[in-house]
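The values are calculated or read from the model by the stated rules, or taken from the named source; none is laboratory data. Since this is a predicted model, take the numbers as computed values, not measurements. Positions of Cβ are generated from backbone atoms using ideal geometry, with glycine treated the same way; all protein chains shown enter the neighbour counts.
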Amino acid sequence: MSKQGELDAFEKWMVGVRRLARKTVEAYMATLDWFVKLNPDGGWDSVTTEDIEMFMHRLRRGGKLGAARTMDRDRAALATFYDWLGSHGGTKLNPVIDVNHPKVDTRNPRPISDDMLRQVWMSPIGDDDTLWFGMGVVTGLRRIEMVTITPAQVDIERGMFLNMNRKGNKEGSIEYREIAELLGEQLPDVYDDFGYWVELVERYAVDRRNDPRLLTWDMGKSEPDPTIINRRLQVVLREAGIPRPLWFSPHALRHTCGTNLARAGVPLEVIADIMGHSHVDTTRVYLSMAGRLKEWRAKNNGS
């Protein structure tokens, strides 16, 4: 089989067998296409560890080296491909095994502090920004989930987001109204006015029932663009008066949701379901950030 034939077969395997997310498949195939262009001669067995390391450290756009995370994504794409190739008899060697891993900062973003959350929430941000910001800190949606949700997926009668396409092409539903009410009851100093967010979700679902998406900034595009959340967050933080050194990423909204659900006493497996985690071990990070023992002692000492 030709190199291109093997790449085509690998792509079909990622989609049909591994069922990887579309963006992951596209990113892996783009990496492999670049690798073949830069290493056109010889078969896969002729590739050395040094070839892969040189590829990872190639100059990128603007004549700069890629970030450590970018280089590690190259390594991951090639490692997955060589694992597949070996299992299908395409090669007996795996040069990726000995590749030096670039040092990647894998620390999760910390949750937003209560004071900062209140400052942003009480600032005069528009309803569109209020809508997606609440999706993050109340229901823990990822950026792509925020920009792809449709009015038809909002079940107003039951207070649920239905048939959400979660990470890994898994479907799930989220009880947005129940979560907002729970957080308001258990953490009233933090979520004291999120009833307005629930009303906003349901009003938008009705008013935009003929629109393709609940958030409509980029309706002119065929594909929703999750990076718009990053741009809008910068505007929101600036308007809320948050100093630039304290700015955070959209993913911090998701961590804030998970942490505050843990603070509210929600069981680990329920938090995992809300967050769309495939395993509760991923969810345990929120327990370490929740400060539940301190809150429990304060509550009991005050009673």
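Quick look at the numbers
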{"read-out": "Set Glu157, Glu171: member being surrounded by fewer than 16 Cβ atoms within 10 Å (Cβ to Cβ), without any contact (Cβ under 8 Å) to a residue 60 or more places away in the chain and assigned to a strand (DSSP E or B)", "value": "Glu171"}
{"read-out": "Matching residues, the range 99-120, being modelled with pLDDT of 90 or more and over 13 Å from Cys257 (Cβ atoms)", "value": "Ser113, Asp114, Asp115, Met116, Arg118, Gln119, Val120"}
{"read-out": "Candidate set: the range 237-274, residues that are crowded, with 19+ Cβ neighbours inside 10 Å, under 16 Å from Asp128 (Cβ atoms) and of a type in the set (A, V, I, L, M, F, W, C); chosen: the one farthest from the chain's Cα centre (by Cα)", "value": "Leu237"}
{"read-out": "One residue from Asp225, Asp189, Asp207, Asp193 being surrounded by fewer than 16 Cβ atoms within 10 Å (Cβ to Cβ) and within 22 Å of the chain's Cα centre (by Cα)", "value": "Asp225"}
{"read-out": "Per-region count, the range 17-30, residues at pLDDT 90 or above and surrounded by fewer than 11 Cβ atoms within 10 Å (Cβ to Cβ)", "value": "0"}
{"read-out": "Some residue of the range 80-92 being in a helix (DSSP H, G or I), of a type in the set (Phe, Trp, Tyr) and surrounded by fewer than 19 Cβ atoms within 10 Å (Cβ to Cβ)", "value": "yes"}
{"read-out": "Criterion (without any contact (Cβ under 8 Å) to a residue 40 or more places away in the chain, outside any strand (DSSP E or B) and assigned by TED's automatic domain parsing to the domain that holds Thr259) met by exactly one of Arg232, Arg213, Arg203", "value": "Arg203"}
{"read-out": "One residue from Leu7, Leu65 being without any contact (Cβ under 8 Å) to a residue 12 or more places away in the chain and either at negative phi or among the hydroxyl-bearing types (Ser, Thr, Tyr) (or both)", "value": "Leu65"}
